[in-house]
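Right, one structure below, let's go through it.
The values are calculated or read from the model by the stated rules, or taken from the named source; none is laboratory data. Just so it is clear, the structure is predicted and the values come from calculations on it, not from any experiment. Neighbour counts are summed over all protein chains in view; Cβ atoms, including those assigned to glycine, are modelled from backbone coordinates with ideal geometry.
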Amino acid sequence: MPKYSIQVNGKAHDVDVPEDMPLLWVLRDILGMKGTKFGCGMALCGACTVHVNDQARRSCSIPVSAIGQNKITTIEGLSENGDHPLQQAWEKYNVPQCGYCQTGQIMNAAALLKSNPNPSVEEIEQAMQGNLCRCGTYNRIMQAIRSVSGRTAVG
Amino acid sequence: MQTEAPFQKKSGNVRSEIFMASRRDFLRIGGLIAGGFVLGVNFFSCTDKGKKIALLKPSVYLTINPDGEVMIVAHRSEMGTGIRTSLPLVVADELGADWSKVRVVQAEGDEKKYGNQDTDGSFSIRMFYLPMRQAGAMAKYMLIQAAAQIWKVKPAECDTENGLVVHKASGQTAAFGDLVEAASTVVMPPVDQLKLKDPKQFKMIGHETPIIDLHNIVIGKAIFGIDAAVENMKYAAIKRCPVVGGKVKSYKADKALAVAGVLRVIPIKGGDIPSNIDKPLSGVAVVADNTWAAIKGRDQLEVEWDLGPNATYDSAIQMEELKKEVTKDGTVRRVRGDFGMARKNAKKVIEHTYVAPYMAHAMIETPTALAVVKDGSCEIWACTQSPQGARDSVAHALGMSAEKVKVNVTLLGGAFGRKSKPDFIVEAALLAQNCGFPVKVQWTREDDIHHDFFHALSVQRIVATIDAHNKLSGWNHHVAYPSIGATFDASVLQPSDGELGMGVTDFPYDVPAIKMESHNATWHIRVGWLRSVCNIFQAFAVASMIDEIAEARKMDPIANSLDLLGADRSITFNSEIPKGKYPNYNEDIANYPWETGRMKKVIERVASDAGWGKQFPKGSAMGFAAHRSFLTYVACIVEVKVEGNKIIIPNVYYALDCGTPVNVDRIRSQFEGGAHFSTSIALKSEITVRNGQVEQNNFDGYKIIRMPESPKQIHVSIIGSQDKPTGVGEPPVPPYTPALCNAIYAAVGKRIYKLPVDLSA
């Protein structure tokens, strides 16, 4: 089997997996990084959202062979101490209910704010529409994102 | 044979007694340092006169260690309601603990030890609020007695706060940890002699407490079912028969086994009818080194099916059959007066048929379970709502006694009723037993959408009569839907008392002639409980029709409902039920009657909050509905803005009465979430079955709402009281859909008789 060397959260990992194994399962089953979740396998739910060079991408739909030297950031690498402004806002507004979709939501929101630090409500809705929440935390997610947006130095 | 919803199992009139538990019993949970004490709570059911009938189950709740740590066992599953936080905080508040020193430990499945663990039916707070307070109060009593003895003061002069016993007069304090050894020798008084806190002294109950897992969730460290892991575990994906009742005829495994990482291919016996909730479907499992290999291997399986008796089932055809069925005479389930006469003498007759489809739970974490079978015993890690049920089912499937099975409960990535069925856990256990190594069964989203225990499709017909005095003189409600009972017993053709008791037989309005009738409906796919269960379609029909009646009576909808509720009174329904009874969510109706006064209060409150009666521009309007479910009273107003076929929901208003509110932020979040959940029900979600197979596959075909479609502002008013607390997990759901549909009518003049709403139709 071909080996792949991928950059995750600033560290290189060598993985010995088939070329079509999605990044999601490389992260979870091979590297033991469980923060990124499985929800649909078809880029319809956003639970598996990671950053590829600061862009939000659905890791269930990225084969490992396509990653190359691109930098992957997962929820585990979003902040040193769980203190990304969005993570703090998520705690301030008690956003999660079951919590399962929330790492994907936070990663997606973080990528949005990196490219658009002060999005309008419509822009937030458009950017977040790929992330499903069955428990119904969308309004608190919106509140958390809006509380952070407009600040400088979003990590 | 279980034919009732899970909440039916619980007995009413439960008392508790507190005992000092053996530390050895508790050591399995871990964390108990020598010198701490352990309090347990026994439940027993009583006659009305207080005579003990039966010892239910002893339940262990809290320990205090010499280092001051208070460990509270959370014995209810956490699926997003916050119960893992809310019940422990009740103990902590009553005890006067320092919340930062409280550690919550999730109980394994053991009802003998912890009492009922079935987390469903919105009854965790209802059942355990008082026992948790008593446990906290007992520990407080013992600590105060110990301190008072040491200080040689009167216990009545002492109190607890923030993990300390304090003697106000002298200012002396002692930390809990320093008192535990002395406290454990204090003689415990009978529970009913404990003095509980005056609610005015509550520091946490009635306030907002963040969930204990909040930080772990936002940093990705929270452990859900899918995250459970043991060394050397392997992964399984199962190809299940697409038709319920069908079986594997033959299969070829060679291509699957050739996939890199695939280890075994194992057939799974199943497909019996009734399917029950804990028996696997017939299928073939691929076990592999990792999830991807298991899925890829499964794709390479070649299976021939004997599709069985449901192979020609078509949900659309059944829907048409049920529409005809409800035009006939049914089985009378509740009767008052003479509806026939009311119809004859009516000035106006309004008749409509309401139709709703199968729905899937579609929680974001699909079913998944990990099993290890070794040396004649089995250990499970699973996202289960019913740990004891899982334990019993696994024991039965493996041919072991329940003591040999340990079920560890992880966090649940959503459930809504799906994860109270242990079928997926039994699959893991069977595979682990067969393989001899740990196996995690992973359901894909397609598996989840194809093989759910669906919310049943339903047809209802309501005939309402208005007399010459503009009174609602008669109400005849027909229902037809496959019963959850048939999932357990293939001979069941009619809804149970419990199912009808979710909005049909507990019709509360002051109408002189009432007739509720149920009809036969056959079962062809697995049906089960989905968040508020039959309240979903029954409240949709009732509250939509009530709105039409308001219009026919030329009354404002809220004025109409208040009028129909009649005088403040407590309604019991059983005298009008010819056979069977109104289960009242398994509580004695004498203890939890249907109180019209409480419903009127929430209606008046929501009307005031929403500014009901204000004018809207064309295309915008408000709609109203009120519904009691799981003993909680909820009034709901939904504001819509209709643009073509698009429905925008700028505001939702809820007013609720759940008795004593415990964790206020979590109550609000359940109502916010319930509004979202119901928006999917109303506008998006539909499962259809053709040739016995579910036609939808993933979130492309089975739709739930996304952020742009969600209600924008959800306002929640909690009418607090000192009444016994009742649940909030399910009550937000039933009134929302009819309120939304009534708003659509007010906005664009179109009545909704079919879900999901389709304005282009």
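I need every pair where a residue in the range B:451-466 that is within 20 Å of B:Asn560 (Cβ to Cβ) and touching a residue at least 24 places away in the same chain (Cβ under 8 Å) has its Cβ under 7 Å from the Cβ of a residue that is in a loop (DSSP other than H, G, I, E, B) and among the charged types (D, E, K, R), sequence separation at least 6 or different chains.
Sorted first by the residue in the range B:451-466, then by its partner, the pairs are B:Ile466/B:Lys347; B:Ile466/B:Arg553.
If you go through the range B:675-710 one residue at a time, how many are facing chain A (nearest Cβ under 7 Å) and in contact (Cβ under 8 Å) with a residue 60 or more places away in the chain?
6
For the range B:86-103, which positions are touching a Leu at 6+ places or on another chain (Cβ under 9 Å) and surrounded by fewer than 23 Cβ atoms within 10 Å (Cβ to Cβ)?
Within the range B:86-103, B:Asp98, B:Trp99, B:Val102 qualify.
Which residue out of B:Tyr633, B:Tyr654 is of a type in the set (Ser, Thr, Tyr), away from chain A (no Cβ under 14 Å) and outside any helix (DSSP H, G or I)?
B:Tyr633
How many of the residues making up the range B:517-543 are surrounded by fewer than 24 Cβ atoms within 10 Å (Cβ to Cβ) and more than 27 Å from B:Asp448 (Cβ to Cβ)?
3
Among the residues of the range B:679-701, what is the count of those that are surrounded by fewer than 18 Cβ atoms within 10 Å (Cβ to Cβ) and part of a strand (DSSP E or B)?
So the count comes out to 1.
Which of the residues that make up the range B:596-617 are crowded, with 19+ Cβ neighbours inside 10 Å and either farther than 24 Å from B:Ala743 by Cβ or in contact with a strand residue (DSSP E or B) (Cβ under 8 Å, 6 or more places away or on another chain) (or both)?
B:Thr596, B:Arg598, B:Met599, B:Val602, B:Ile603, B:Arg605, B:Val606, B:Ala607, B:Ala610
When the residues of the range B:144-161 are narrowed to those that are among the acidic types (Asp, Glu) and part of a strand (DSSP E or B), which ends up surrounded by the most Cβ atoms within 10 Å (Cβ to Cβ)?
Of everything passing the filter in the range B:144-161, B:Asp159 is surrounded by the most Cβ atoms within 10 Å (Cβ to Cβ).
For the range B:300-314, how many residues are surrounded by 13 or more Cβ atoms within 10 Å (Cβ to Cβ), not polar (S, T, N, Q) and not in a loop (DSSP other than H, G, I, E, B)?
6
What about B:Ile462, is it assigned by TED's automatic domain parsing to the domain that holds B:Glu320, among the β-branched types (Val, Ile, Thr), under 29 Å from B:Gly613 (Cα atoms) and part of a helix (DSSP H, G or I)?
Judged against the criteria, B:Ile462 is not a match.
Please go through the range B:696-721 and pick out each residue that is of a type in the set (D, E, K, R) and in contact with a strand residue (DSSP E or B) (Cβ under 7 Å, 6 or more places away or on another chain).
Listed by number, the list holds a single entry, B:Lys712.
Under 7 Å by Cβ, and 6 or more places apart or on different chains, what pairs join a residue from the range A:55-81 that is of a type in the set (Asp, Glu) with one that is part of a loop (DSSP other than H, G, I, E, B) and modelled with pLDDT of 95 or more?
Hits for this filter: A:Glu76/A:Asn9; A:Glu76/A:Met33; A:Glu76/A:Gly35; A:Glu76/B:Gly220.
Mind listing whichever residues of the range B:69-89 are assigned to a loop (DSSP other than H, G, I, E, B) and either among the polar types (S, T, N, Q) or farther than 29 Å from B:Asp178 by Cβ (or both)?
Those that are assigned to a loop (DSSP other than H, G, I, E, B) and either among the polar types (S, T, N, Q) or farther than 29 Å from B:Asp178 by Cβ (or both): B:Arg76, B:Ser77, B:Glu78, B:Met79, B:Gly80, B:Thr81, B:Gly82.
Here are some conditions: (1) within 11 Å of another protein chain (Cβ to nearest Cβ); (2) more than 14 Å from the chain's Cα centre (by Cα); (3) in a helix (DSSP H, G or I). A:Arg146 meets all but one. Which one does it not meet?
Every condition holds for A:Arg146 apart from (1).
Select from the range B:716-725 the residues that are within 22 Å of the chain's Cα centre (by Cα) and not basic (Lys, Arg) and write down the one among them that is farthest from the other protein chains (Cβ to nearest Cβ).
Top of the filtered list is B:Asp723.
Can you list the helices (runs of 4 or more DSSP H) lying wholly within the range B:315-406 that have 3 or more residues being in contact with a Leu (Cβ under 8 Å, 6 or more places away or on another chain) and not assigned by TED's automatic domain parsing to the domain that holds B:Ile536?
none
Take the residues in the range B:201-255 that are touching a residue at least 60 places away in the same chain (Cβ under 8 Å) and assigned to a helix (DSSP H, G or I); name whichever of them is nearest to the other protein chains (Cβ to nearest Cβ).
Restricting to residues being touching a residue at least 60 places away in the same chain (Cβ under 8 Å) and assigned to a helix (DSSP H, G or I), the top hit is B:Asp227.
Identify, from the list A:Gln97, A:Gln129, A:Gln105, the residue that is within 27 Å of B:Gly417 (Cβ to Cβ), more than 9 Å from every other protein chain (Cβ to nearest Cβ) and in contact with a helix residue (DSSP H, G or I) (Cβ under 7 Å, 6 or more places away or on another chain).
A:Gln105
Among (1) more than 12 Å from chain B (Cβ to nearest Cβ); (2) over 14 Å from the mean Cα position of the chain (by Cα), where does A:Lys71 come up short?
For A:Lys71, the exception is condition (2).
What's the number of the condition A:Pro117 fails, among (1) outside any helix (DSSP H, G or I); (2) more than 9 Å from every other protein chain (Cβ to nearest Cβ); (3) closer than 30 Å to A:Val17 by Cα; (4) not hydroxyl-bearing (Ser, Thr, Tyr)?
(3)
So which residues in the range B:307-347 are without any contact (Cβ under 8 Å) to a residue 12 or more places away in the chain and under 22 Å from B:Ser496 (Cβ atoms)?
B:Glu321
Looking at B:His478 and the list (1) touching a residue at least 24 places away in the same chain (Cβ under 8 Å); (2) assigned to a loop (DSSP other than H, G, I, E, B), which single condition is not satisfied?
(2)
Is one or more of the residues making up the range B:229-243 under 30 Å from A:His84 (Cα atoms) and out of contact with any Asp or Glu (no Cβ under 6 Å at 6 or more places or on another chain)?
yes
Of the residues B:Asn691, B:Asn698, which single one is within 26 Å of A:Asn108 (Cα to Cα), of a type in the set (S, T, N, Q) and over 22 Å from the mean Cα position of the chain (by Cα)?
Exactly one residue qualifies, and that residue is B:Asn698.
Among the residues of the range B:98-143, write down those that are of a type in the set (Gly, Ala, Ser), touching a Ser or Thr at 6+ places or on another chain (Cβ under 8 Å) and not in a helix (DSSP H, G or I).
Selection gives B:Gly109, B:Gly115, B:Ser122.
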